[in-house]
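Laboratory data are not the source of any read-out in this text; all were calculated from the coordinates shown. Nothing here was measured: the structure is a model prediction, and the numbers come from that model. Methodologically, a virtual Cβ is constructed for each residue, glycine included, from the backbone with ideal geometry; neighbour enumeration extends over all protein chains shown.
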Protein chains: 2
Amino acid sequence: MSTKKIIVLGGDGFCGWPTSLYLSAQGHEVHIVDNMSRREIDQELNADSLTPIASMDDRLAAWEETGGEKIGFHNIDVAADYHGLRDLIEDIQPDTVIQFAEQRAAPYSMKNETAKVYTVNNNISATHNLLAAIAELRADIHVVHLGTMGVYGYDGDGLQIPEGYLRVYVPGENRDIFQRDILYPTNPGSVYHMTKSMDQLMFQFYAKNDHMRITDLHQGIVWGTQTAETRRDERLINRFDYDGDYGTVLNRFLMQAAVGHPLTVHGTGGQTRAFIHIQDTVQCLALAIANPPAKGEGVKILNQMTETHRVRDLAHLVAEASGAKVEMVDNPRNEAAENDLDVSNKGFIDLGLEPMTLKEGLLTETIEVSQKYAHRCRMEMIPCVSTWTDNQKPGVITQIAAE
Amino acid sequence: MSTKKIIVLGGDGFCGWPTSLYLSAQGHEVHIVDNMSRREIDQELNADSLTPIASMDDRLAAWEETGGEKIGFHNIDVAADYHGLRDLIEDIQPDTVIQFAEQRAAPYSMKNETAKVYTVNNNISATHNLLAAIAELRADIHVVHLGTMGVYGYDGDGLQIPEGYLRVYVPGENRDIFQRDILYPTNPGSVYHMTKSMDQLMFQFYAKNDHMRITDLHQGIVWGTQTAETRRDERLINRFDYDGDYGTVLNRFLMQAAVGHPLTVHGTGGQTRAFIHIQDTVQCLALAIANPPAKGEGVKILNQMTETHRVRDLAHLVAEASGAKVEMVDNPRNEAAENDLDVSNKGFIDLGLEPMTLKEGLLTETIEVSQKYAHRCRMEMIPCVSTWTDNQKPGVITQIAAE
C-alpha cells in the first residue's frame, strides 16, 4: 500500500478522530484540522460525550506513547478562514483531504433558527472553501467527503438506491426517448441533510470545471464507539453521543438499555434506515482514499452502509438482549412513518470491504461502554426536543405505559 | 388587482430597481432592502455603470417627485445580518419578499478565489437567511426568487427544457418501470450558476418542511436598460453594465456598436441562449407575485424568458443595424462551443405575458442610450478577462482581422 499525506478536516469528531488514528496506524502521514466546534456545541447543549474524551493535546500524546506515528494538529475554522486553509494545504501538499468538518446532526440543525443558519453557513462555506483553495492552488488533491444516505430521502417506492447516479428515460415529442444519467434526485429531510445535497452540486461543478478528483461517501447511521485504535488507551477513547440532538438511534437504544431508561422509539418505529459500525466507517475511508477517481472522471459516489433495519426491530433486538422496555413517543421529525429501503453498496464490497453486522457481538461492547460511563449520563438530555415543525411534539415519554 | 406589501431584497440592482418602481407604480407598497454591494463591486472593478445611476436617496426622491408612491429603504446585508432581516420582516409583515440579493455575474464569480468564495457565501446565506427568518416567524409570505436558465446547463440533446420539473422513467429489476417527477437535473456552468442550483434545494426543503410558498424564476439573459418607470426622470435611470464581468451579451454588442468597438463574440458564437427584455422582466415579476403557489403545493418554477438566439446571429443582427464589425475572440468560459436550446415558457404565457421581442425597436433604444453615455465608457473594461480555468485565455481581441 502506498502511504499518503492526508489532511483530516474535522479530525476531532466522532468519525474524524477514529479515522485519523486508523489512517495513521496504516502508515499514512496524518494532519488533523479542527476548530473544536463540536466540543463548543457540547457546552452549548450542556450534553457532554458519555465517554470522557481527552483534550486534543492529550489525545495526540497518548497516540505517540502507544506507538503511533506523530499526527499534526492545526486549529483552523475552515468555514471562516479561507486563507488559513489554503496556506495549510499549500504548506503540507497533501495527496488527500478528508472533509468531515460539517455540523452533522439533523436534530441540531432543526433546533432553532440560529442552528439552521449556523449549519448552512458552516457546512457550505467549509466545503466550498476547500474546493476553491484546491482550484486556486491548481493542486491534484483527492477530496473525500462524508455525505449521508439522508440526501436520498426515505419515500422509496421500491427502486433500489444506486450509488449516486441514476439512468432515466424521458419521453420527448415525436415518440423520441431521451436517456440521461443524472445525480439521484435528492429529497433531504432536514437542514443538515439539505447541506449535504448542496455539497453534491459543488462537487459536480468543481469535478467538471477543474477536473478535481472527488469521492462523496453517502453514509448510513453510524453506531458503536470504539475501534481497534481508540481502544489502545483510555485517552484515545472516541466520543459517544446519547443526547436527543447528536445521539444516533441505535447508540441511543444501547445506551438507554445500559442506564435503565426505556428505549424511546419515535412514532411507530417503522422507519427503515441504513447502518454502519464505526469500525467499518474507518475502513471505508481507507478504501476510498486508496481508490481515487481518475481526473475528469466525475464525482465518485459510494453508499457507505452495510445493512438496513427498521427502527422498531432494532429496539426489540436491544430490548431482548438487555431486558429494557420499549416506549413509543411522538415523532419530533417530519418524516414518513413507515418506509422500505433498498440500497446498493456494491462499490465498497467490490473494493474489498468485509462488513461486520449487528450480530457480531458489538452490540454488547457498546452496552458495556455505556455501562462503564453510565455515571456521566444526564438523563434529562436523552429526549429529543428539537422538532421539525410547529405542529410536532418533542420525542418525550409523557406517560409510562401500564404493565 | 389586490395591492400587496412587498420587500425587494437587492432593490438597487439592475433587475431590482426597475422591478421596485414597476410594482410601486402598480399600487403595491414597496420596501427596498440593499447593502449597496453592487456599487461596491463597481468600485472594486473600476467599471461603473455606463448610465449615471443616482444615489438611493436621489432615486427615491425623484420617484416621489414624479408622482410615485413613497418607497421605503433599508440598508441591511441580508447575507450577514440574519436578525436585521428577520426584524424587518416582522416589522413590515410583507405579503411577498422578492429575493434579488445575490451576486449575479457568472464571469465575476469565476474571476478569482475571493470572488468565488464571496459569491457562494453571499448568495447561499442571503437566500437561506430569508427562508429561516420566515420559518422562525411562522409567517405566510410568498418568496419570489430570481434564478437563472443557466442552472439547466447548455448541453441539450433536443429535449425541451420544461418549467423546473421533469417526469422520468427508471427501469427497475423484474421489468418494473418506476415513474418519478424530479427537479430538472442541473448542470451549472459557473460558481454563480451553481449557487442558483443550490438555492433550488433550499426551496425544495422549506416548501416541503414548512409549507412555504415559493416561486423560483429561471430567467434568461436580460437585455435593455430602461422601463416605462425608469424613463420618467434622469435620476431614475437604470444601470447599464458593459464590462467583461457584468455586461450581458446582447447589451455588450449594442454598447460596443454605439462606441465603435468591434462586437466581441466568444469562440464560434455558436452558443444558443434564452433572452428577455428588462421590461418583460418587471412584468413577469408582477405576474409571479399575483399568482403565488398554494401552501403545500411545492415550489412553483417558471422559465422567465421570451426567445432564444444563437450568439453569433445576435452579433450579425446588431452589426447589420449599426455597421459595427464582428470579431471572434477566445472563449474565456468553459462551455460547449455550439448548442441548441428549446425552452418552455408556457407558465408566463398562460398567466398573460405578452412578450416583446428583439424586432420591436428596443435594439435601437438601447444603442441610443449607449451613445448618449458613450463618453462614460472606459474601453479597457470591455474585454472579458475572467477565465473559467487555467487553460483558457481572456476574451480579448489580440489582432484585428484584415479587411
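The table for this structure:
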read-out: Residue with peak Gaussian network fluctuation, chain A [Cα springs, cutoff 10 Å], from A:D199, A:D243, A:D57; value: A:D57
read-out: Alpha-carbon centroid distance for the pair the range B:331-351 / the range A:297-329, whole angstrom; value: 45 Å
read-out: Along each principal axis, Cα extent of the range A:44-99, largest first, Å; value: 36, 35, 16
read-out: Rg/Rg_ref, the protein assembly as shown, where Rg_ref = 2.2 N^0.38 Å and atoms are Cα; value: 0.99
read-out: Share of alpha-carbon pairs per 10 Å distance bin for the range A:324-389, given as whole %; value: 13, 24, 36, 25, 2
read-out: Entries in A:K208/B:K116; A:K208/B:K111; A:K295/B:K116; A:K116/B:K300; B:K196/B:K393 that, when Cα-Cα distance is taken, lie over 20 Å; value: A:K295/B:K116; A:K116/B:K300; B:K196/B:K393
read-out: Mean Cα-pair separation over length for chain A, i.e. relative contact order, pairs under 8 Å, 6 or more apart, %; value: 20 percent
read-out: More than 19 Å apart - percent of Cα-Cα pairs taken over the range B:187-275; value: 60 percent
read-out: Gap separating the Cα centres of the range B:238-284 and the range A:94-148, nearest whole Å; value: 36 Å
read-out: Per-copy distances of the A:D342 label point, shortest first, in nm (7 angstrom along Cα→Cβ); value: 3.4
read-out: Local net charge near A:R312, Cβ-Cβ under 12 Å (Lys/Arg +1, Asp/Glu -1); value: -1
read-out: Whole-Å distance, taken between Cα centres, linking the range B:45-88 and the range A:170-199; value: 38 Å
read-out: Stokes-Einstein D in µm²/s, Kirkwood radius over Cα pairs - the range B:293-334 at 25 °C with 0.890 mPa s viscosity; value: 173 µm²/s
read-out: Cβ-Cβ FRET estimate between B:E65 and B:A228, R0 fixed at 25 Å, reported to 0.05; value: 0.90
read-out: Residue order, fewest to most beta carbons within 10 Å, for A:T389, A:T230; value: A:T389, A:T230
read-out: Footprinting exposure proxy for A:I76, B:I6 (fewest neighbouring C-beta atoms within 10 Å first); value: A:I76, B:I6
read-out: For the range B:8-81, the Rg and Dmax computed from alpha carbons only, in angstrom; value: 12.5, 37
read-out: Rh (Kirkwood; distinct C-alpha pairs) - the range B:167-209, Å; value: 12.5 Å
read-out: Cβ-based net charge around B:T19, under 12 Å, with every Lys or Arg adding one and every Asp or Glu removing one; value: -3
read-out: For A:T264, B:T19, order by how many other beta-carbon atoms lie within 10 Å, fewest first; value: A:T264, B:T19
read-out: Equivalent-ellipsoid semi-axes of the range A:119-245, from the Cα gyration tensor, Å, largest first; value: 32, 22, 14
read-out: Charge context of B:V144, other residues only, Cβ under 12 angstrom, K/R +1, D/E -1; value: +1
read-out: Rounded to 5, the percent of DSSP beta bridges in the protein assembly as shown classed as antiparallel; value: 25 percent
read-out: Whole-angstrom Cα spans of chain B along principal axes, big to small; value: 69, 65, 41
read-out: Of the DSSP H helices in chain B, those whose Cα atoms cover at least 20 Å axially and whose Kyte score averages -0.5 or more; value: B:113-137, B:191-209
read-out: Restricting the range A:1-81 to trypsin sites (Lys or Arg not before Pro) in coil, as DSSP defines it, with at most 13 other Cβ within 10 Å; value: A:K70
read-out: The range A:298-403: trypsin sites (Lys or Arg not before Pro) falling in loop per DSSP and having at most 14 other Cβ within 10 Å; value: A:K359, A:R378
read-out: The range B:35-165: Rg to Rh, with Rh as the Kirkwood radius over Cα pairs; value: 1.01
read-out: Percent of Cα pairs exceeding the 24 Å cut-off, where the set is the range B:210-364; value: 41 percent
read-out: Residue-averaged [θ]222 nm for the protein assembly as shown, counting only DSSP H segments that reach four residues, each worth -39500 (n - 2.57); value: -11000 deg cm²/dmol
read-out: Across the identical copies, how the A:A374 labels are spaced - nm, sorted shortest first, 7 Å along Cα→Cβ; value: 8.8
read-out: Pairwise label distance in nanometres, B:Q392 with A:N174, each label 7 Å out on the Cα-Cβ vector; value: 3.2 nm
read-out: Computed lengthening from A:R378 to A:K295, 0.36 nm per intervening residue step minus Cα-Cα distance; value: 25.0 nm
read-out: Label-to-label distance, nm, for residues given as A:H211 and B:E90 (7 Å Cα→Cβ offset); value: 5.3 nm
read-out: Calculated label separations, A:K70, copies of the chain, 7 Å along the beta-carbon direction, nm; value: 6.8
read-out: Reciprocal of mean inverse Cα separation for the range B:289-403 (Kirkwood radius, Å); value: 18.3 Å
